[in-house]
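Readers should treat all values here as calculations from the given coordinates under stated rules, not as data from a laboratory. Keep in mind that what you see is a predicted model, and the values were worked out from it rather than measured. We place every Cβ from the backbone using ideal geometry, glycine too, and count neighbours over all the protein chains shown.
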Amino acid sequence: MTMAAMKTRLLIIPMALGLALFSAMAAADSDQDRALAAVRAGQVLPLKTLLERLERDHPGQLLEVELEDDDGLLIYEVKLLQADGRLVKLKVDAASGEVLRQRVRAGDRERAP
């Protein structure tokens, strides 16, 4: 490989990584904008309201929340770590706050309560 080809590759790799990072950041911004617009339009519960409701029946440390569009139904996907070490994954109707699905993982086992 010639020196010019090596320099070209060394320039292309950082540019590609920068473009990938920029694309991911732009997607995150647009996801956040869509979520905010859905809350403002009354299509989904505010996250704070949802988490307050969930805390009653599903106490634990919040690890992750995502707002997903599941064939037109907006769903909050919530991951919680409970005090006993169990990982709880909830799928929640984003408009009503109803828990649609719950999966609990304790250690290497996964079960549906």
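How do Val88, Val78 rank when sorted from fewest to most other Cβ atoms within 10 Å of their own Cβ? Mind dumping the intermediate values first?
On the way: Val88 20, Val78 23.
By the 10 Å Cβ count, ascending: Val88, Val78.
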Each residue of the range 78-94 in order: what ³J(HN,Hα) in whole Hz does its phi give by Karplus 6.51 cos²θ - 1.76 cosθ + 1.60, θ = phi - 60°, with x for Gly and Pro? 10, 10, 10, 10, 8, 4, 8, x, 6, 9, 10, 10, 10, 10, 10, 4, 5
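What's the FRET efficiency of Glu55 with Ser30 using the Cβ-Cβ distance as r and R₀ = 25 Å, to the nearest 0.05? Walk me through the numbers on the way to the answer.
Details: r = 29 Å, r/R0 = 1.17.
So the FRET efficiency works out to roughly 0.30.
Report the gain in length on full extension from Val39 to Glu66: 0.36 nm times residue separation, minus Cα-Cα distance, nm rounded to one decimal. Let's see the in-between values first.
Values: separation 27, 0.36 × 27 = 9.72 nm, distance 1.38 nm.
Using 0.36 nm per residue and subtracting the Cα-Cα distance, I get 8.3 nm.
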